[in-house]
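I have placed the structure first, in the form of structure tokens, so that the comments after it can refer back to it.
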């Protein structure tokens, strides 16, 4: 039994309209591809149907239909080379991403450098050792307080100075002047360890200690020790005292 041409046209029209509707309404890529296939299949039905009712060879329509099917399959399989845009989205989107060669475009590299410039180091007080915190008020450094500052000095700023506020006893409201009662020294300075006196409160010591020694060459900067000594005037009121300090380095 031969199906009438009109029936085939009605069926192909139904497929075409269904495909157009699906391509417009659907929001996911699979639904849109199926709708496009329906549209192309409606064209294939028309090609085969008209080839049977015209003077052309029936195989002509079938050949064209095979071309359409082949092209549709190829179009569905070819990935997009355009980068997807994810800006300005107002609803959910489905994106299929195919990495053609399964490679990445970025990564990390590393290496070591020898024979270059060593790190300069950053000025820092790494620790303070309280060598002696019990003093006798006899106006001598030998009987006073002693502290050892462990300091990192930048290689580009080797001249070190310190400053101190006056010592204060809160319970007795008494003070010990920093000027004239304190001194600093370092075995890593180039002045043979000669002490540099503190001349006034909150004033950096002069001359600066020029650091040339390094207790740990493997660390950035120069690792030095600075000894801070405090003597107690004979008129000092007994009790506990505190102060604050400052530190600077210059080229």
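Each residue, residue 50 and residue 134, gets one label point 7 Å from its Cα in the Cβ direction; the gap between the two is 11.5 nm.
FRET efficiency for the residue 187 to residue 250 pair, using the beta carbon distance and R₀ = 22 Å, is estimated at 0.60. Each of the peptides 24-33, 194-203 was scored by the mean count of other Cβ atoms within 10 Å over its residues; in descending order, highest first, they stand as 194-203, 24-33. Between residue 5 and residue 214, the contour length at 0.36 nm per residue exceeds the Cα-Cα span by 65.1 nm.
A straight chain from residue 225 to residue 123 at 0.36 nm per residue would run longer than the Cα-Cα distance by 35.4 nm. If R0 is taken as 30 Å, the Cβ-Cβ distance between residue 206 and residue 174 corresponds to a FRET efficiency of 0.60.
Residues of the stretch 1-41 falling in the label zone of residue 69, defined by backbone nitrogen less than 13 Å from a point 7 Å along Cα to beta-carbon, are 41.
Counting neighbouring Cβ atoms within 10 Å and putting the fewest first, the residues 43, 224 line up as 43, 224. Pairs of Cα atoms in the stretch 124-250 fall into 10 Å distance bins, from 0 up to the last occupied one, in shares of 13, 45, 30, 11, 1 percent. Each label was represented as a point 7 Å from its Cα along the Cα-to-Cβ direction; for residue 33 and residue 18 these points are 1.9 nm apart.
We did not get these values from a lab; they are worked out from the coordinates using the rules stated. Everything numeric here is computed off the predicted structure, so don't read it as measured data. Using ideal geometry, Cβ is built from the backbone for each residue, glycine included, and neighbour counts are taken over all protein chains shown.
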